[in-house]
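S.K.: Sending over a structure as structure tokens; questions will come in a sec.
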Amino acid sequence: MRLAVGGFQHETNTFAAQPATLADFTAPDAWPGLTRGADLIDAVRGINLPAAGFIAEAFATGDTIAPLTWCSATPSGRVTRAAYEHIADLLLDDLRRERHLDAVYLDLHGAMVAEHVDDGDGELLRRVRALVGPDVPVVASLDFHANVSEQMLRQASALVAYRTYPHVDMTTTGARALRCLHLIRSRPPRRAMRQPPFLIPLTSQCTLIQPLASIFDDVVRRERGSVISLNFTPGFPAADVDDCGPAIFAYGSDATAVARQVEELTNDIAARETEFALEIHPIESALAELTRTPATRGRPIVLADTQDNPGGGGTASTTSLLKELVARRMRGVLAGIICDPRAADRAHEAGIGAAIEMEVGAFFGNTAGVAGETPIRGRCHVVALGDGKFTATGPFYLGSRMELGRMALLRIDDIHIAVASRKQQAADQAMFRHLGVEPQDFAVLVLKSSVHFRADFGPIARRVLVVAAPGPNIADPASLPFTKGRGAVRR
């Protein structure tokens, strides 16, 4: 087959203040910046991304790739109208120039919200469908946290979602999407979807622990016979849109079998709703746990600063948790990744070995920031410097060619703070090794992440404490001011 391949990814926290601008999609960070045409293939090659998996599988099966536009941006507030329309136009213009296509594949997130469009992914699929017509298969891969809408289901021939969180299966999901496309190319599949009437906190969605570990074993078991693709997306709960929340959807050749598997899986998940209860520690509680369970170097305790996780729309710059650790003169602490280009620049100007009075953190760009959050002020020792360019080695970011701008390792007493000029969640040990430190050598790790850190840091952690420090990525959906969808219904 001759297959068009493109992508447009954003996970939108509608309660976060910082919007996603065109510059955020253009600049590389953990993943490539906006790429068009033939450059797309090399840009994603070897990275744990769905597009990379789809392309590799297509080459293995003898298919031909017609590359379009691909881009992504770190989760944040809504995508600006200008950015959304510009990127959508690029992708559609690329698609319009292609001839004799057998199918279209899109690498999407599924929880993109623009300033003027609540269902950003559904609207993009609608425009693609209008361009290629009803007979050309359109298949998309979706993130685990997709908020799947009826429009997305209706406009796509098939949607295939990740099955792991941390997302270690992005490449294999792209390959699954290609295999699904081969199965449906000659005959449009039957489909069904159900949306359970509740929201699941982000930190309760980890597939390394229950209940999702066994639920996804069940998903794989049920995908058999005439049911060619069965998916469960727990949803991205920080989005005030009609379709925010979990979805179970499937495709196959037998409508009865497809509907039955969706219905049974939905009922099983609904029966386990109470198992998704949020487990999170206020700062005082987390530090008390550190006292009760003394941390030791070599098997660090991880404090997950989930509400400022940039992977969920956080700023990666709040300081309340770090300030408490500094005030208590905690020892053996490594924290990151703090987004503060001002601090990184000051460190580079001062040089390694310098000790300077400076401010760290509470960098919010042109937005109002997070109420009550102010920088850490004190005497910082510049321990190491980096250019922010390195290759990730952990299971989630595997192969990503990071470009985080100027980076620095700062020390206040025995607390080391890794600072970068671009925000990226701390989900890969290479982020710290770039600055010459080994995370396992510390007693406490403070990570700006919710769940993805578990893929690389979990094996070395003695214990994980999810901490409720200030930030825009509110952990408890029940505390968010929903006006739409399931969040509003259950208030």
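S.K.: Scan segment 288-316 and report the pairs whose first residue is closer than 18 Å to residue 236 by Cα and whose second residue is among the basic types (Lys, Arg) and assigned to a strand (DSSP E or B), with Cβ atoms within less than 6 Å and a gap of 6+ or a chain change.
M.R.: Nothing qualifies.
S.K.: Follow-up. Between residues in segment 325-351 that are surrounded by fewer than 19 Cβ atoms within 10 Å (Cβ to Cβ) and residues that are assigned to a helix (DSSP H, G or I) and acidic (Asp, Glu), which pairs lie under 6 Å by C-beta distance while being six or more apart or on different chains?
M.R.: Short answer, once both residue conditions are applied: none.
S.K.: When you go through (1) in a loop (DSSP other than H, G, I, E, B); (2) closer than 20 Å to residue 243 by Cβ one by one for residue 101, which number turns out not to apply?
M.R.: For residue 101, the exception is condition (2).
S.K.: Okay, moving on. Taking the conditions exactly as written (touching a residue at least 24 places away in the same chain (Cβ under 8 Å), farther than 24 Å from residue 428 by Cα and of a type in the set (Asp, Glu)), does residue 279 satisfy them or not?
M.R.: Taking the combined requirement at face value, the residue does not satisfy it.
S.K.: Going through 468, 443, 427 one at a time, which residue ends up being at pLDDT 95 or above, more than 20 Å from residue 310 (Cβ to Cβ) and out of contact with any Leu (no Cβ under 6 Å at 6 or more places or on another chain)?
M.R.: 443
S.K.: Check residue 66 against each of (1) part of a strand (DSSP E or B); (2) without any contact (Cβ under 8 Å) to a residue 40 or more places away in the chain and name the one condition it does not meet.
M.R.: Answer for residue 66: the failing condition is (2).
S.K.: Of all residues in segment 168-225, which are among the charged types (D, E, K, R) and over 21 Å from the mean Cα position of the chain (by Cα)?
M.R.: Those that are among the charged types (D, E, K, R) and over 21 Å from the mean Cα position of the chain (by Cα): 179, 185, 187, 190, 191, 194, 217, 218, 221, 222, 223, 224.
Rundown of residues vs (1) over 30 Å from residue 469 (Cβ atoms); (2) assigned by TED's automatic domain parsing to the domain that holds residue 77; (3) buried (at least 19 other Cβ atoms within 10 Å of the Cβ); (4) of a type outside the set (D, E, K, R), yes/no style:
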| site | (1), (2), (3), (4) |
| --- | --- |
| 225 | yes, yes, no, yes |
| 233 | no, yes, yes, yes |
| 239 | no, yes, yes, yes |
| 249 | yes, yes, yes, yes |
| 252 | yes, yes, yes, yes |
| 261 | yes, yes, yes, yes |
| 267 | yes, yes, no, yes |
| 271 | yes, yes, no, yes |
| 288 | no, no, no, yes |
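S.K.: Applying the selection to segment 194-216, what residues are more than 21 Å from residue 307 (Cα to Cα), of a type in the set (A, V, I, L, M) and surrounded by 20 or more Cβ atoms within 10 Å (Cβ to Cβ)?
M.R.: Matches in segment 194-216: 212 only.
S.K.: Out of everything in segment 28-40 that is under 17 Å from the mean Cα position of the chain (by Cα) and farther than 15 Å from residue 8 by Cβ, what residue ends up being surrounded by the fewest Cβ atoms within 10 Å (Cβ to Cβ)?
M.R.: Going through the qualifying residues, I end up with 28.
S.K.: Among the residues of segment 256-264, is any of a type in the set (Ser, Thr, Tyr), under 26 Å from residue 183 (Cα atoms), out of contact with any strand residue (DSSP E or B) (no Cβ under 7 Å at 6 or more places or on another chain) and modelled with pLDDT of 95 or more?
M.R.: yes
S.K.: Only residues that are in a helix (DSSP H, G or I) and either in contact with a Pro (Cβ under 8 Å, 6 or more places away or on another chain) or closer than 20 Å to residue 49 by Cα (or both): list them for segment 151-181, please.
M.R.: Result: 170, 171, 172, 173, 174, 175, 176, 177, 178, 179, 180, 181.
The values are calculated or read from the model by the stated rules, or taken from the named source; none is laboratory data. Keep in mind the model is a prediction, meaning the values are calculated, not measured. Because the Cβ atoms are built from the backbone with ideal geometry, glycine has one as well, and the counts that use them run over all protein chains shown.
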